[in-house]
Structure formats: structure tokens, C-alpha cells
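Derivation of every value follows stated rules applied to the coordinates shown; laboratory data play no part. A quick note: this is a predicted structure, and the numbers were derived from the prediction, not measured. Neighbour counts are summed over all protein chains in view; Cβ atoms, including those assigned to glycine, are modelled from backbone coordinates with ideal geometry.
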Amino acid sequence: MNDDKTAVLLLRENPSKSPDPYKMAELRGLANAAGYRVLAEIHQRRDLDHRFQIGKGKIAEAMSHSPKKLIFYNALSPGQVFNIQSEFSAQILDRFNLILEIFATRAATREAKLQVELATLSYDAPQVRNALALQKTGEQPGFCGAGAYDQSMYHDIRKRMAKIRTELKDVEMMGEDRRQRRREMGFDLVALAGYTNAGKSTLLNSLTGSVVTAKDQPFTTLSPTTRALEIKGHKILLTDTVGFIDDLPHFLIKAFQSTLSEIAHADLVLLVADMKDSPEILRRKLLASHKALWDCGVTAPMITILNKVDGIDETEAAAKMEGIEDLAPNPVLASASSGQGLEELQERIYEQLQPLQEYQIRMPYTPESLSELSRLYETAELLQVSYGEELVIRLRGKKEAMAKIQGASLSEMSTE
Amino acid sequence: MVCAVVSARVSPIFIEKINVVRIVPHVAEAVDLNTVADLTVRACMCLPGIVVAESGDFYNQEIWRVKCILGRDFKYPETLAERTAIELAHHISLAGRRLIIDPRER
């Protein structure tokens, strides 16, 4: 943690709602993940202060700790940002800014960098427009007005956003092509989804034996990471994705559309939940995950992996499962780090995936047929190959892989 | 306006069975929370289970308040299946309105 990065956390809660200690704990976790040293945490239960979001006295109290930044849980309007900055000369962040800051430090691929830039610009655009409007207050034509440079700033942001959106659209199209190609190669696509820091990357490593970076901190994974896995002859590609978080703003989901489409177009979704959380938090995180999955447009079947069960006893696990049974389809208790329950999970994945169909293909003896046979050895499970007057192949495979043969019109194909 | 009710049995992600679909047309001078609540109570009459509705439909009121107004168990959508059921009701309501509306007003 950087000693220069100090912050005071501020949270305003609505007096008509019951206090929620989880909000501050989550904000603290995010601040630590972004590398801030938290000097103080300030709560206030009051109605919204339209000028400063929280009471003015509370901001003065926060400033007395001399932090580098003030971090608000509540979303700040452009006007509130302007007022706090001009009144207290403070550098401020709200929760969305903080998430974006974490994303910016972790983004490693070009796609992730573009997504973070788009999300940042989507957040900044209305702020810049408002700042410009405030700057222009009381302006007289020709005197002390905002110059052409200031005027064009907002339009420049919009242009850049349009350019990034076009680039991300291309990335999304490439992703779609890639998924189609993978299906034609006989793979089933399975996506890992869930609340941030639920243990998705650790689970990917345990299931596939790979060494993807997995840490006990939120948003370790930003770009999708795919690894291969085979369960009883089913060739599977398991994709790890970015974690969800409560109250994700719509623009952030839109910016990460190309990444989230990996979940939306998967054949099976593995929803990962952290069983070490208290029952209320576990339920809340699953609710947030269901909302995010709905926003992604998921229609695939789902398995809920109740991860990190090695730290709790059976009675506690059973009680927690009972509390979330309406939110957890096909629950499986597992522990990615100890390997507990992974065999049952593999069995459940196998049951949920579409069974491979058996086909019989007849092909004449041509060089194309033989190269097709060689491809089929890679993409399907060949049960029998007869070299008679013509080539007769009996195999088990995916519909998409068979469609490619049909397209090439090599010979008639019949389903058994 | 048209209120559509879908009475369904749901699993966490899918609608398992649709028991009843009911469409209730209503004409009102203005729409407010009382009008919406009355219409909801009338439309859900004799249907068992918990009433689930979009938070916007009840003016983002807290759940306990809506429960008191309706006089029966209520919640906002939580799972994928509940959201699908609400979307289904929205589609039915819109289609119903288009069907019964005076063609000159279309």
C-alpha cells in the first residue's frame, strides 16, 4: 500500500432505512484494493444535502485528517463535485470513480484498456458538460466566456467514445466468430460468473490445472481468460470473467459488454458464491449477481457453486444453503483451494451440458474426405470408421461441428 | 390502462409453469399509487403466492410499505425467473392495450 495514497471514507445513509454496515466495509475493501490507506470512516444518517451530498460539517471533519482524497460511497452529481472542490479544495472520488481507478490499474489487454477508457469517458461526459455550463453562468457574449477549446472538450469526449465503441464492437464481433469457431471444433462453452472476489479464478485454476493470476482482492480478473477442460469425452472451454458488484452503474455494464457477452452466449454458466460470507451478505451478493446476469441477457442453464466451504462446518453450510435456495439453481458445495466437491461439480457440469449426438456420415474416397476425416478426429469422438466402397464414419459430436461437413456438401449425413 | 397478471411457478432461473394469465383494463383520470395498488389488488384477487412487481410500478416505495398497502405478501424481483415473469406480464399488458384500444387512438 502506498503511504502517499491516503483517504477518508464518507457514507450518507437514508434515515428512513435501517443502517447497513456492509456498505462501509465494501467501500473500505475497494479503497484498500485501489491502494489507499484509510485514515477515517465517517457515517451520517440524514436526508440528501443537495449541495454537498453529506453534511458540510462532516466534510470539514474529514478534511481535518488531511487526506489526499475523500472517497464517497454515494454517487456525486457534477454540481456536488463542483461545490465540494470549490469549498474545501479537496480531491474527491465516489464509489464508481474508485471502481474505475481499480479497473484502470488492473487493465492489461487492449480490450480492457478500451473498456475502462469508455467507462471513464461515459462518467466524465456529463460532468464536463455541467462544469462547462457552470463556467458559462453569467457569461456575456464576447466577454469572459468559455473559449472554443473549452466548448470543444465535450464534443471531443463524445467523438472518442464513438471511436472506442466502434473498436469494441469489432472486438465483440471477433468474440462471436471465435465462439462459433470453437463450437465447430466441438467445444462446449462454459462461463464462470459471480460477485467479485468469490474465487472464480482459483476455481478455473483448480478445474483446469492452469496458473491464472488469482488473489484475495476484488477485480483481479478484468479480461476473459479461457482454458480447456475435458469431462467424460466432453471438450469444454471454461472462461473466467470480470466479477460483479452491487449497484453497478448502467454505463459500466455497457462499457464491459464485449467481456460480458462471454457469459451471455455461453452454453452453461457457473455462478460462484462465497460461502464464508454471512447469510445476509451471501444473499445480497447473489441478488446482485442475478441482476447483473439479467442485464447481460443470460438464457443458458446455470450451476451455483458455493465456494470456500472448507472454512465452515456442515451445519452452517446447510443453514446457509437453505437461506439462498430460491437464488441458487443446482447448488454444489465446493472448495477451489482444497479441491473439495470438484468431482461432484464436474459430474453436474456433464449432466447440464447438451448430450453429444451420434451421427453416421458416408463420404466418397476423395482427398477432401480424408482431410475431413482427419479434422473429425480432432473435433468429435469417432466411434467407428469403415473403409468399404465408401468411407462410413460413426461418431459422437456437437451439432455445430457436423454443420460444417454439411456446408462442404461432401456426402449425405444421417442422424442415428 | 391495462394491468396484466401472470401467476406462475418459478425455479431460480426458469418459469416452470404458468397457471393463470389475467388482463384487467381500467380507465382513470390520473395514475397514482392508490390507483395502481387498487388495480393490482383487483387483478391478483384469488391468486395464491407472493405478488412480485417492478419497483417503478410502485413508485420505488419500500417493500414493507407496499405490503401494508396491498394487504398481502409482496416483493420486488430478485431472481432471473421472476424478472422473466415480469417481462412476460409487461408484454401481455402492452399487447392487450394495443388490442382493446380504440383504433382511432392508435
request  = Please report, in whole Å, how far the alpha carbons of region A:277-416 spread along each principal axis, starting with the longest.
outcome  = 67, 32, 23
remark   = Over chain A, the sum of -39500 (n - 2.57) across DSSP H runs of at least four, divided by residue number and rounded to 500 deg cm²/dmol, gives at 222 nm -15000 deg cm²/dmol
query = If the cut-off is a Cα-Cα distance under 27 Å, which lysines reach A:Lys69, setting aside same-chain residues fewer than 8 apart in sequence?
reply = A:Lys5, A:Lys23, A:Lys56, A:Lys58, A:Lys113, A:Lys215
message = Amide H of A:Asn197 versus every other amide H placed in the peptide plane: which residues, excluding those fewer than 5 positions away on the same chain, fall under 5 Å?
response = A:Phe219, A:Thr220
request  = Two decimals is fine: what is log10 I(q)/I(0) at q = 0.12, 0.14 Å⁻¹ for region A:169-323, from a Debye sum with one equal scatterer on every Cα and no solvent?
outcome  = -0.51, -0.69
ask   = Which lysines, on any chain, are close to A:Lys232 with Cα under 17 Å apart, when same-chain ones fewer than 8 places away are left out?
value = A:Lys398
inquiry  = I'd like the Karplus ³J(HN,Hα) series for region A:178-183: coefficients 6.51, -1.76, 1.60, θ = phi - 60°, whole numbers in Hz, and an x wherever there's a Gly or Pro.
reply    = 4, 4, 4, 4, 5, 5
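If contacts are Cα pairs under 8 angstrom and at least 6 residues apart, what is the relative contact order of region B:20-101 in percent?
Dividing the mean separation by the residue count of region B:20-101 yields 30 percent.
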Cα long-axis angle, helix A:279-296 against chain A (0 to 90 degrees, to the nearest 10) = 70
ask   = With θ set to phi - 60° and the Karplus curve 6.51 cos²θ - 1.76 cosθ + 1.60, what are the ³J(HN,Hα) couplings of region A:254-264 in order, to the nearest whole Hz, using x for Gly and Pro?
value = 5, 5, 9, 4, 5, 6, 6, 5, 4, 7, 4
key: Residue (of A:Gly79, A:Gln354, A:Val211) at the positive-pole extreme of the protein assembly as shown, dipole from beta-carbon charges   = A:Gly79
ask   = Counting alpha carbon pairs within less than 8 Å and at least 6 residues apart, what relative contact order, in whole percent, applies to chain A?
value = 12
remark   = Averaged over all viewing directions, the convex hull of the alpha carbons in region A:181-252 casts a projected area in nm² of 5.7
key: DSSP-defined beta bridges in chain A - what % are antiparallel, rounded to 5   = 40
task = Treating the angle as unsigned and between 0 and 90°, give the value, to the nearest 10°, between the Cα long axis of helix A:314-323 and the longest Cα principal axis of chain A.
result = 80
query = What order do you get for A:Thr120, A:Thr208 when you list them from fewest to most C-beta neighbours inside 10 Å?
reply = A:Thr208, A:Thr120
query = Under 15 Å Cα-Cα from B:Lys17, which aspartates and glutamates qualify once same-chain neighbours fewer than 8 residues away are excluded?
reply = B:Glu82
ask   = Just from its helices, what would the mean residue ellipticity at 222 nm be for chain B, if runs of 4 or more DSSP H residues each count -39500 (n - 2.57) and the sum is divided by every residue, rounded to the nearest 500 deg cm²/dmol?
value = -12000 deg cm²/dmol
message = Just want to confirm a number: the relative contact order over region A:56-101, from Cα pairs under 8 angstrom separated by 6+ residues, in percent.
response = 44
remark   = For A:Gln91, other-chain or 5+-apart residues with amide H closer than 5 Å (H placed, Pro excluded) are A:Leu70
Under Karplus coefficients 6.51, -1.76 and 1.60, residue-wise ³J(HN,Hα) of region A:87-94 in Hz, glycine/proline x = 7, 10, 6, 9, 8, 10, 9, 10
query = Which whole number in µm²/s is D for chain A by Stokes-Einstein, with the Kirkwood Rh taken over Cα pairs at 10 °C and 1.306 mPa s?
reply = 65
